[in-house]
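Chemist: Dumping the structure here so I can ask a few things about it.
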Amino acid sequence: MAASMEAQTSSIPSPPPSSDHSSLFVSRGSTGLKLWKVGEKDPLRIISSDGNIRSIAWSPNGEKLAYSSREGSVVCDMPGGSVLHTLEYPATNIAFSPLGTFLLLWEPYAVARGETGKPNLHVWSMRDKEIIIEYYQKRLDNWLIQWSKDESVCARNVTNEVHFFEGCPGKSPGHRLVIDQLSSFSLSPSLPLHVSVHVKGSKGAPSVVRIYKYPVFTGSGSVIANKSFYKADTVQMKWDHEGKGVLVLTTTDVDKSGESYYGEQHLYYLTVKGDGSMVPLDKKGPVYSVEWSPTATEFCVIYGFMPSKAALFNSKCDLIFDFGITHRNTALYNKYGSLIFLAGFGNLRGNMEFWNNEKRTLIGKGQASDSTQCEWSHDGVHILTATTAPRLRVGNGFKVWKYNGDLIFEIGTKDREELWECSWLPANELIPPVIKEPSAAASKQLIDKPVAAYVPPSLRGKQPSRPVKKDIISEDTTKAEPLSKSAAKNKKKREAQKHKKDDKTTEQLEAIATASYITGRSQESSSTLNDNEKRIKALRKKLRQIDLLKEQVKEGKTLEANQLEKLKTESSIIEEIKELELK
């Protein structure tokens, strides 16, 4: 395998030497792995022509690129592209440790009939050039081993436990954090090391997020922060760059209030000093994006039914800047925290905004329709957007934009060619960019102009046949005498009732429009079904699946063990449906 990979790369000349790699990026797709340079219409190098590459990962300094396929995994030198190591371990997910000392390779856990399972998480030492440890890690959501920045401590999630190792991963952990119903954990990025854990609620007990200081996990005073949530089926935890606090985004699968049919979300903030508070979000609806500044203790949140609201908060959860309301669902800081990128992708139009974070001014706009991926370059002035499969299988390609909104580079794929991923080559420490403010004329162009009324092509440039009403309110009305106190009070009540009704209708329509982005497909409102009806609907779906399995048995197909177990549940499912229908 190594020989074949070397043959693929050695036949192509290396790119010209360059000390600045900030303009280089790779694309992964159905035609292989390619290295590009902004401004060049053809790739600098075809790193691999294998059209089945599943995943890629950069070393922190950008000097090595690892990629995996069905045949195995490869580590190559960058930007040259020469093969350094070939590993006979196929993987769907790969990642480097923070200093690039270790390479993690994970593949889905599978057991063949009549055989015992094998470890599916492998840790490769870049120094020793061998696998140093292997683990069983069945769940995809917690496969990644987490490290401290200096790699002095690493930790992995085991059932109801977190195992901590000094230095490299091993068989016997140096410390254990044992908690029933432990779901996930997150290490702080800076020393002293702290760990936040999510404990899932059960039997009426609430879910809990706790913060511990490593390695004190037992005894009084070991929990330095604690927050419980009754509305938290899933939790995301994001530390700030200094490791002083963590944002906790809680999500419920079902909103029992009936206002939303795709769940309910809340945002909280916990500190290592033991303080905790809810982030005050003044617009109802989902939270689309939460991002910490890489250089300051502030964070950006996009939230609320469409059109959504974007705002900046400080570490005290005080609102410090409001970006206004429009159709957005993506927020990204550049590497230096000097620019904020706000956009509306997915089912939205792809409108983009570039903000100077120091002066809080809008300095650029653009539109990248049908984009499914975006990423800041490491020079902090360019951003890459891409239309990728499988979200969209037509019109794949990538674009590079400057922070003023100018499109400077664009490449589209050929017919039937799919693009799956694009990623910038990490660059060494660069000088923070100097952000230039737009001129006065350019600033005026950034202001949204009111949309004029539609005029059919046949009537454009002609005088209307009848006068157009410019305003519903006539001049006589504006000059009318003031109303009496009782009349004004009654008028105010009528207007309040009307606004209340309109607001409710608007929120319902916004919820329906927003759901297509959150779920990717239209769903039936949960408010129209009670709990029994939902359960019956789910059980009938299982019966349909069992009927399909019976047809496969009649056709002579051999079923898996889990499919055979499903067939045995048919009678119990029918009985449960009958009981529910009687209620």
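Derivation of every value follows stated rules applied to the coordinates shown; laboratory data play no part. These numbers were taken from a predicted model, which means no experiment stands behind them. Please note: Cβ atoms are built from the backbone with ideal geometry, for glycine as well, and neighbour counts cover all protein chains shown.
Chemist: Using modelled amide H (1.01 Å from N, peptide plane; none on Pro or chain starts), what sits under 5 Å from the amide H of residue 107, excluding residues fewer than 5 places away?
Modeler: 92
Chemist: Let me ask another. Assuming R0 = 60 Å, what is the FRET efficiency of residue 161 and residue 410, from their Cβ-Cβ distance, to the nearest 0.05?
Modeler: After rounding to 0.05, the efficiency reads 0.75.
Chemist: To the nearest 20 Debye, how big is the dipole of the range 533-582 about its Cα centre, given +1 on the beta carbon of each Lys and Arg and -1 on that of each Asp and Glu?
Modeler: Magnitude of the dipole: close to 180 debye.
Chemist: Which chymotrypsin sites (Phe, Trp or Tyr not before Pro) in the range 94-162 sit in a loop by DSSP (not H, G, I, E or B) and have at most 16 other Cβ atoms within 10 Å of their own Cβ?
Modeler: 109, 136
Chemist: Can you give the extra length, in nm with one decimal, that the chain gains between residue 455 and residue 190 once fully stretched, where that is 0.36 nm per residue apart less the Cα-Cα distance?
Modeler: Stretched out fully, the residue 455 to residue 190 stretch lengthens by 89.4 nm.
Chemist: How high is the FRET efficiency from residue 181 to residue 580, r the C-beta distance, R0 25 Å, rounded to 0.05?
Modeler: Efficiency at R0 = 25 Å is approximately 0.35.
Chemist: Under the rule a/c < 1.5 gives rounded, and otherwise a/b versus b/c splits prolate from oblate, where does the range 31-171 land using the Cα gyration tensor?
Modeler: Oblate is the answer for the range 31-171, as a/c is 1.5 or above yet b/c matches or exceeds a/b.
Chemist: Extension gain residue 316-residue 332, at 0.36 nm per residue separation less the Cα-Cα distance, in nm?
Modeler: Going from the current span to full extension adds 3.7 nm.
Chemist: Hey, another quick one. PRE reach from residue 238 (point 7 Å along Cα→Cβ): which of the range 322-357 fall under 16 Å by backbone N?
Modeler: Answer for the range 322-357: 323, 328-345.
Chemist: Label points 7 Å out from Cα along the Cβ direction at residue 136 and residue 573: separation in nm?
Modeler: In this crude spin-label approximation the distance works out to 2.9 nm.
Chemist: Taking 7 Å along the Cα-to-C-beta vector as the label spot, tell me the residue 226-residue 367 distance in nanometres, rounded to one decimal.
Modeler: Once both label points are built, they end up 5.4 nm from each other.
Chemist: Classify the range 49-125 from the C-alpha gyration tensor, please: rounded if a/c falls under 1.5, else prolate or oblate depending on whether a/b exceeds b/c.
Modeler: prolate
Chemist: While we're looking at this one, here's another question. Just to be sure I understand the model, the point goes 7 Å from the Cα along the line to the Cβ. What's the resulting residue 392 to residue 84 distance in nm?
Modeler: 3.6 nm
Chemist: Answer rounded, prolate or oblate for the range 96-235, using the Cα gyration tensor with square roots of eigenvalues a ≥ b ≥ c: rounded when a/c is under 1.5, else prolate when a/b is larger than b/c, else oblate.
Modeler: The shape class here is oblate.
Chemist: What FRET efficiency do you get for residue 538 and residue 462 if R0 is 60 Å and r is their Cβ-Cβ distance, rounded to the nearest 0.05?
Modeler: The computed FRET efficiency comes out at 0.50.
Chemist: Based on Cα positions only, what radius of gyration and what Dmax would you give for the range 533-582, in angstroms?
Modeler: In Å, with Rg to one decimal and Dmax whole: 12.0, 38.
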